[in-house]
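None of the figures in this text is laboratory data; all of them are computed from the coordinates on show. Please read these numbers as outputs of a predicted model, since none were measured by experiment. No Cβ is skipped: glycine too gets one built from the backbone with ideal geometry, and neighbour counts run over all protein chains shown.
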Amino acid sequence: MKQRSSITDRQHSPQLCARYGAHVRSIVASLILLSCVGLEMCQGTYAVTEKCPNEKARVGASASLPDCRAYELVTTGDLSRTTDMNFENNQDNAAVSSEGEHVVLATKGAFIEPEVSVSGTSAVFSRTPDGWRMSSAVAPGMTGNTNVFTLLSPDLSQVVLNLTNALTEVNTGKTQEHTYDLGPIGGPYSILVNDVGEGTSIVGANAGTSTVPALTRVIIESTDHTLLPPGPERTAAEDTIANAPNLYEWANGELRLVNVEREGPYVKLANRCGAKLGASGASEGAGAAGAVSADGSKIFFVTEATGIKCEGPSSLYMRVNDKETIEVSRPAPAVSLEPGELHEVRYNGASSDGSRVFFNTSTPLTANETPAEKSVNKLYMYETVSSSLTLIRSGVPVTRGGNGRFVITSKDGSTIYYNTGEQLYRYSVASKESTFVAGVSSPTFFSEPSYTTPDGRFLVFASGRGGVELPPAGSHRFELRGIGHNELYRYDADDGTVLCVSCGDVIAPADGEMLEPLFGGAVLTTNDEIPPFVQMSEDGQKVFFETTAQLVPQDQNSTFVELSRGTGGNPGMDVYEWEAGGTHGCTLTQGCTSLLSSGEDVGAARYLGASRDGGDVFFATSAQLVPEAAHGYGNIYDARIDGGFATQAPSPPCSSCQGVGSSALQFNTPASGSFFGVGNLHPPATLQKPKCRHGLRRNRRGRCIKAARRKRAERL
């Protein structure tokens, strides 16, 4: 994990000396001093900042970045090939690896692979000591459809390619009509499924552990019931009703049927109406968070219930090591139900090791449920080791698979967040209790994702213009800074605080607002959410977001907000970092906000994701942030802590970066006396200290003391 440079801060006046800003606190302290002349409590108050280890790389546009970050150009320097890469209208997509060392790019119009004939670009960029290097996902001498990425390992070392249309080996003339191929970037690849029809798709895989590689088990959904060679499983698959999907597992070079029950030497389908991976409902996309455990030993699937030949309503099952199938949504042993009491089951998520799985249904599955509880939808947890079933809450909305707005599962399975109408709660498995988090209003987009840290302590969620009601429930206390806007909030389970992280340092500006990170489809996502899209560092201290609001003076572009998806609007959208108060010199209770993109009027900057530790933040922009880039051409950048390269030439002046290429510093001083929006300013070479009051002299430490005391100190 990358470590931030050490910083020492001293503060004496929380009212007038509250805002410093990461790694630029010395200049802000000097400005505070200038405003505090004649005030005893402000004299001698400085933020002492050590130089960054990458100081030589922090020049030009990088000089204004917080956290000792420096810009690195990820995409190619051959900018004549990237004129069409603007990450709008779902034409360009990217995803980043969990450790921040790799970026995958799929474009439909940007031709930046000189030796590969493809309709666009399908490549992975990897960081080296000398810069970022590109590897094509399509082997040299081959042609094929772009946007071929179907699944990716978290570190982007392995990939499943959807080679649709014709993939022709130029040298041999061999043609494959339609294949799914697995292997390292650039090959060699192994064919998972060959000559498949339109009803077949890749829907999930294992994410990998320290001992089990990622993508060793790949899940395939298909309405083609003849995929398998002749045998008992093929016979069972052919018993599925027409056009219903079955699930297949690819492992060790073989395909096996997943949605089955074994009875002696015979194989029987769990339901003749087929199954979906960790999901339910014909309108849903296949796959959901945690539907395949990280080691691949557990697969969660939901049977379908869409035909008259179906065997009862849908049910949730767990397939274990290709040997055993367990019905997770089965009533507890003491519960007896009539057929009319059985209802649809919907998968919500599972821990990464598959030890806990969460789902919802109106079926009364546990004993001692009241008549009122029996008739409403309920959220349940099943623990796979003890085979125990727990009712978490009655009256939750009907929710579908994946980490959507209503149910969010922590990676370790210790925590689940859920909504009951406009009330957000946190359930702790350890305490078996639910805690009120906040009252929320519908965000701009109903599908706005939420994000929790792996241990479930922190949650980031969106709330609409009604703002957020603070705990306790019904208190009518609000986080006032975000009311009237669509904003992003962070909840800390340890102290129960809810803070607006996209509002800026004081109150959200009147113009502009936060938009969901997946707005417009710039981020490459897969059915099984591999690799995960990171909005918050794993320690919960950094949050990254997009907004059209101008939260710091360097942000000089438009605040226009276009609310329809995929229109190419929002030219003033920029990427920001929020950092919690009390960390690394941030002295504001509500946290400190820094601009990571340029804030220039060159079109929208699109947030693409971050590394788990928050040390790498990737975004796409047409701004020229390093000399290898050209102004107005779309590229991907990494704002990396302690980043930059030794051979990198100085960047050109940034006209909108305060302290860099500008004639004067700009800041605002609200009536309260605290600084708002100073942002990430770059300190000048020399700080000019104000004169001491009459009768005082400055000592060697920079403090103003009486002249007599100074003379005594000098004699000593």
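Taking 7 Å along the Cα-to-C-beta vector as the label spot, tell me the Glu422-Thr128 distance in nanometres, rounded to one decimal.
5.6 nm
Would you please state the base-10 log of I(q)/I(0) at q = 0.13, 0.16, 0.18, 0.23 1/Å for the range 302-368, with intensities from the Debye formula using one equal scatterer on every alpha carbon?
Taking Cα atoms of the range 302-368 as identical point scatterers yields -0.40, -0.61, -0.76, -1.14.
When we measure straight from the Cα of Lys108, which aspartates and glutamates land under 14 angstrom away, once same-chain ones fewer than 8 places off are left out?
Asp84, Glu88, Asp92
Here are some pairs, Lys268/Lys298; Lys276/Lys432; Lys323/Lys378; Lys268/Lys374; Lys374/Lys432; which of them have Cα atoms lying more than 23 Å apart in this structure? Write out the running numbers ahead of the final one.
Values: Lys268/Lys298 19 Å; Lys276/Lys432 30 Å; Lys323/Lys378 30 Å; Lys268/Lys374 31 Å; Lys374/Lys432 20 Å.
Beyond 23 Å between Cα atoms: Lys276/Lys432; Lys323/Lys378; Lys268/Lys374.
Among the aspartates and glutamates, which have Cα under 13 Å from the Cα of Lys542 when same-chain residues fewer than 8 positions away are ignored?
Straight-distance partners of Lys542: Asp67, Asp492, Glu577, Glu579, Asp613, Asp616.
Expressed in nm to one decimal, what extension gain is obtained for the pair Ser135 and Ala251 from 0.36 nm per residue of sequence separation less their Cα-Cα distance? Kindly include the intermediate steps, with their values, before the conclusion.
Working: separation 116, 0.36 × 116 = 41.76 nm, distance 2.63 nm.
Extending this stretch completely gives an extra 39.1 nm.
Where in the range 206-261 are there GluC sites (Glu not before Pro) that are in a DSSP coil and have at most 15 other Cβ atoms within 10 angstrom of their Cβ? List each step's numbers first, then the result.
Working: sites: Glu221, Glu233, Glu238, Glu249, Glu254, Glu261; in loops: Glu238.
Sites meeting the loop and neighbour criteria: Glu238.
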